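In what follows, a structure is listed as C-alpha cells, so that the remarks can point back to it.
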Amino acid sequence: MIQVWSVENLPVTRWRNGGGETREIIAIPGPEGSDFLWRASIATLDKDGPFSHFSGIDRVITLLEGTGVTLTVDGKDIPLALHTPLAFSGDSTCTARITGQSQDFNIMTLRGACNAHVEVVNSAQQSHSGVCLVLSGEWQLNGSELVAGMGAWWHNEHSTIRPVSAGGKLLFCRIEEG
C-alpha cells in the first residue's frame, strides 16, 4: 500500500508538556507488546524541554526548518544542522534547546525488528518499505506526482521515487525489516 500525504493535512496533536506539537504520518503496528514497528512524524518545537523516553526504540531526527536547535543526548550537546539526520537511542535522556520555532522529521523503529536509513537525496531511490518528504522540486512515486510539502509512505510494497525536475531535494527513509 502506498499512501500520499501533505504536511498541511496531517492531524496535529499538542504535546503533554506544551513544548510543541506532532503531526503523525504513520505508525505501522508492531508485534504484541509494542506500540509500533515503525513510526514517522513531523514535530514543531516551540520551546526548550525534554523528549519522551522510548525504551527499545531507535530514533532518527532531521531538522526541516529553523536554526539554533541543540539536543543534549545523555549529557552530550549536539547542534542539529538543517537536513542532516541524527540517530540516537530512544532509551537516551534527551532534551532540546531551541532559538525560535523549528520543525523536524522523526522516524522511530522497534530495535531488533527493523532499521531506518534516512538521508536527503537528489536522485532516484527505491525500497520495499519507507517514507519520504519532498523538500523541493517535483518527484514521481509509482505514478503519483509529489511537490514540496508532500510525501508518501509505503509498507511491504516495492516503490521507486524519481525526480521530475532538476535540483529537487527529497528526505528519503528506507525501512529494512528483520
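The strands (runs of 3 or more DSSP E) located wholly in segment 6-52 that include 2 or more residues which are out of contact with any His (no Cβ under 6 Å at 6 or more places or on another chain) and among the aliphatic types (A, V, I, L, M) occupy 20-28, 38-45.
Looking at Leu133, Leu170, just one residue is open to solvent by less than 30 Å² (accessible area, probe 1.4 Å) and without any contact (Cβ under 8 Å) to a residue 60 or more places away in the chain, and that residue is Leu170.
Restricting Ser41, Ser102, Ser127 to those that are among the small types (Gly, Ala, Ser), buried (at least 18 other Cβ atoms within 10 Å of the Cβ), in contact with a Leu (Cβ under 9 Å, 6 or more places away or on another chain) and without any contact (Cβ under 8 Å) to a residue 60 or more places away in the chain reduces the list to Ser102. With respect to (1) assigned to a loop (DSSP other than H, G, I, E, B); (2) open to solvent by 50 Å² or more (accessible area, probe 1.4 Å), the lone exception for Ser92 is condition (2). Looking across segment 53-83 at every residue that is assigned to a loop (DSSP other than H, G, I, E, B) and open to solvent by 30 Å² or more (accessible area, probe 1.4 Å), the one that is nearest to Val118 (Cα to Cα) is identified as His83. Hey, any hits in segment 14-30 for a residue that's surrounded by fewer than 18 Cβ atoms within 10 Å (Cβ to Cβ), in contact with an Asp or Glu (Cβ under 6 Å, 6 or more places away or on another chain) and modelled with pLDDT under 95? Yes; the residues of segment 14-30 include at least one that is surrounded by fewer than 18 Cβ atoms within 10 Å (Cβ to Cβ), in contact with an Asp or Glu (Cβ under 6 Å, 6 or more places away or on another chain) and modelled with pLDDT under 95. Applying the selection to segment 105-124, what residues are more than 25 Å from Pro31 (Cβ to Cβ) and open to solvent by 60 Å² or more (accessible area, probe 1.4 Å)? Glu119, Asn122, listed by residue number. Being within 18 Å of Ile61 (Cα to Cα), open to solvent by less than 40 Å² (accessible area, probe 1.4 Å) and either out of contact with any Asp or Glu (no Cβ under 8 Å at 6 or more places or on another chain) or free of Cβ contacts under 8 Å to residues at least 40 places away in the same chain (or both) is a description that applies to Leu86.
The values are calculated or read from the model by the stated rules, or taken from the named source; none is laboratory data. Everything quoted here is computed from the prediction, not taken from an experiment. With ideal geometry, Cβ positions are generated from the backbone for all residues, glycine too; neighbour counts draw on all protein chains shown. Side chains included, ligands, DNA and RNA excluded: accessible areas come from the protein's heavy atoms. Shrake-Rupley method; radii C 1.70, N 1.55, O 1.52, S 1.80 Å.
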